[in-house]
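The values are calculated or read from the model by the stated rules, or taken from the named source; none is laboratory data. Since we're looking at a predicted model, the values are computed, not measured. So basically every Cβ, Gly included, is an ideal-geometry build from the backbone, and we count neighbours across all protein chains shown.
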């Protein structure tokens, strides 16, 4: 695990005698990293429950546990690393429930508490390395205050530059004032969080600024996967339709990304001003609104340098789709067919659920394989449909062979592959959308 100057590490044995040390370590680290009291206590509670579960259930005979706490600018995280094959992590599913009459469920109760105490989690194991469980707790930020639309007049001339913190917050207000919900990223609803994300280097922004500091437009981008950048916008505020501001913002973003190691740029929520020039259409999603209306949302991609190719792992049920898309987009790929072949799998799979409240959208992602993959998909869909979520998506990383175990369940439940996002994961991401009735 790569560490930075913002990391602190504790290594102990999986023994309950070290519990006070573990909890004090996580709490003090979270405080130093800027979490408020409530957020620090929630991350500490989650870490306490995980460590107790490791001591009592997973590694009851002892063994080393490494805990690394990191400062992400707008969040703090605690990463637990250990050598084990016995960690049943079904409690991290959104659908997890506990029966007081089931001893196994009672053993997992602490993990359910841990999963509900944090905002996000990650599970992964690289070949020949430890299992890693990452608990992420974000700072609490107020939502954007309602304000009358900011008056921005047409600008005769603009230049591009990164906005300052106060300008970033002002940009959020402008974007929400001038754009429909379908064109917005939910990061714009929390201006203070967006400021901290930019300070941490997780997001980047360029603003089109007039001679007197007036702001006529902006574009945002951030890295996704290992070699791709996702951009949002461009957002243009009350400018002459003949203005070149949108084009200049796109070119500024492309130029900035081209100076990095990124291979391409994707845009999955283009604004009306987004220039399709030099971009390839990846596909569309159907965006359902609560009033029953539906609008297509396009996904676009631009290659910034030569694509030297990738190896991808593809389930036979997805083979025809990905071959067609790779041929259409002229992406060099070595397609390796893979599916479960009777090998032993963990009993329970784990899915993460990424909510976009602004768009009324949930994206499910595989975190851990398991023999119950199909049933787990069904449980999540049933829960989300019960909550009246109209847009349910699923993202499969074709660079992770183990994720192919989820494909039969997706196809059987009515998920349809819509497009491939190049380099948006360890390799490419295949994006699915659930077909169904909408009212």
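Out of (1) modelled with pLDDT of 95 or more; (2) part of a strand (DSSP E or B); (3) buried (at least 17 other Cβ atoms within 10 Å of the Cβ), what's the single condition that is false for residue 367?
The single condition residue 367 does not satisfy is (1).
Per-residue answers, yes or no, for (1) surrounded by fewer than 21 Cβ atoms within 10 Å (Cβ to Cβ); (2) outside the structural domain of residue 303 (by TED's automatic domain parsing); (3) within 19 Å of the chain's Cα centre (by Cα):
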position: 394; (1), (2), (3): no, no, yes
position: 399; (1), (2), (3): yes, no, yes
position: 404; (1), (2), (3): no, no, no
position: 412; (1), (2), (3): yes, no, no
position: 416; (1), (2), (3): yes, no, no
position: 421; (1), (2), (3): no, no, yes
position: 426; (1), (2), (3): yes, no, yes
position: 432; (1), (2), (3): no, no, yes
position: 435; (1), (2), (3): yes, no, no
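Going by the conditions given, is residue 185 under 22 Å from the mean Cα position of the chain (by Cα) and at pLDDT 90 or above?
So residue 185 fails the test.
Residue 386 fails exactly one of the following numbered conditions: (1) under 30 Å from residue 187 (Cα atoms); (2) surrounded by 15 or more Cβ atoms within 10 Å (Cβ to Cβ). What is the number of that condition?
Just one mismatch for residue 386, condition (2).
So which residues in the stretch 271-282 are buried (at least 19 other Cβ atoms within 10 Å of the Cβ), out of contact with any helix residue (DSSP H, G or I) (no Cβ under 7 Å at 6 or more places or on another chain) and in contact (Cβ under 8 Å) with a residue 60 or more places away in the chain, if there are any at all?
282
For the stretch 223-240, name all the residues that are in contact (Cβ under 8 Å) with a residue 60 or more places away in the chain and either crowded, with 22+ Cβ neighbours inside 10 Å or closer than 18 Å to residue 422 by Cβ (or both).
Once the filter is applied, which keeps residues that are in contact (Cβ under 8 Å) with a residue 60 or more places away in the chain and either crowded, with 22+ Cβ neighbours inside 10 Å or closer than 18 Å to residue 422 by Cβ (or both), the stretch 223-240 yields 224, 225, 226, 227, 228, 230, 235, 237.
Please specify each residue of the stretch 321-334 satisfying the condition of being in contact with a helix residue (DSSP H, G or I) (Cβ under 9 Å, 6 or more places away or on another chain) and crowded, with 16+ Cβ neighbours inside 10 Å.
Correct list: 331, 333.
For the stretch 313-353, give me the residue count where each residue is part of a loop (DSSP other than H, G, I, E, B) and touching a residue at least 40 places away in the same chain (Cβ under 8 Å).
Number satisfying all stated conditions: 10.
Name the residues in the stretch 206-222 that are in a strand (DSSP E or B) and either surrounded by fewer than 22 Cβ atoms within 10 Å (Cβ to Cβ) or free of Cβ contacts under 8 Å to residues at least 40 places away in the same chain (or both), would you?
209, 215, 219, 220, 222 - these are the residues of the stretch 206-222 that are in a strand (DSSP E or B) and either surrounded by fewer than 22 Cβ atoms within 10 Å (Cβ to Cβ) or free of Cβ contacts under 8 Å to residues at least 40 places away in the same chain (or both).
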